[in-house]
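The values are calculated or read from the model by the stated rules, or taken from the named source; none is laboratory data. Nothing here was measured: the structure is a model prediction, and the numbers come from that model. Every residue, glycine among them, receives a Cβ derived from its backbone with ideal geometry; neighbour counts consider all protein chains shown. To get the accessible areas, we keep the full protein, side chains included, count just its heavy atoms, and leave off ligands, DNA and RNA. Shrake-Rupley method; radii C 1.70, N 1.55, O 1.52, S 1.80 Å.
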Amino acid sequence: LHRFDVLQTAGAVTARADLKQLKALRNDNVCPSVTVLKQGLEWLAELDLTACWHTLPIPVLHQFGRYDRLVPFSALSALKKQYLEHQFQSFEASSHLPFLTEVDQW
């Protein structure tokens with residue numbers, strides 16, 4: 001599970017603190033199992049749900065961390081052009097977990 005934690009925190013300004021916080025959560029049995037995480041990554045690799053984004057009847061907010069290694073920050077500009085009706089927020093000091101790294105902005 002440690003590799004998943006590192007992948008989610010790498011590059012963030014507060015990567016060490018974020019990694020420590022993730023470890024504490026895992027020790028409290030809050031984090032999902034490795035099996036669940038692997039299944040989620042497989043779904044992300046196989047499924048492209050962007051086709052239905054234009055038809056969503058609710059407001060959509062996409063949030064990006066500048067140093068995210070799971071969802072590239074470079075996707076932000078392309079998505080902004082394609083989904084004009086959506087809202088976008090970027091977190092300049094974060095990787096995949098801006099709710100840990102930039103909790104006040106979150």
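Determine how many Å³ per residue the convex hull of the Cα atoms of the range 1-104 encloses. Please report the intermediate quantities before stating the final value.
Details: hull volume 12.6 nm³, N = 104.
Normalising the Cα hull of the range 1-104 by residue number yields 121 Å³.
Quick check for me: using +1 on Lys/Arg Cβ and -1 on Asp/Glu Cβ, what's the dipole size of the chain about its Cα centre, in debye to the nearest 20? Could you put the intermediate results ahead of the total?
Values: 10 positive and 11 negative charges, 59 e Å.
Its charge dipole is roughly 280 debye.
Could you order peptides 4-17, 68-81, 37-50, 90-103 by the average number of other Cβ atoms within 10 Å of their residues, highest first?
Details: 4-17: 17.6, 68-81: 13.6, 37-50: 10.5, 90-103: 19.9.
My ranking of the peptides, most packed first, is 90-103, 4-17, 68-81, 37-50.
May I ask for the net charge around V36, where only other residues with Cβ less than 13 Å from the Cβ of V36 are counted and Lys, Arg are +1 while Asp, Glu are -1? Walk me through the numbers on the way to the answer.
On the way: positive: R26, K38; negative: E42.
With Lys, Arg at +1 and Asp, Glu at -1, the net is +1.
With every protein chain left in place, what is the accessible area per residue of the chain in square angstrom, probe 1.4 Å? Please report the intermediate quantities before stating the final value.
Values: 7430 Å² over 106 residues.
Ligands and nucleic acids excluded, the figure is 70 Å² per residue.
If the chain between D104 and C52 were fully stretched, how many nm would it gain, using 0.36 nm times the residue separation less the Cα-Cα distance? Mind dumping the intermediate values first?
Working: separation 52, 0.36 × 52 = 18.72 nm, distance 3.12 nm.
Length difference between fully extended and current span is 15.6 nm.
Quick one: with all protein chains in place, what share of the accessible area of the chain is carbon or sulfur, to the nearest percent (1.4 Å probe)? Working shown, then result.
Numbers: 4300 of 7430 Å².
C and S atoms contribute 58 percent here.
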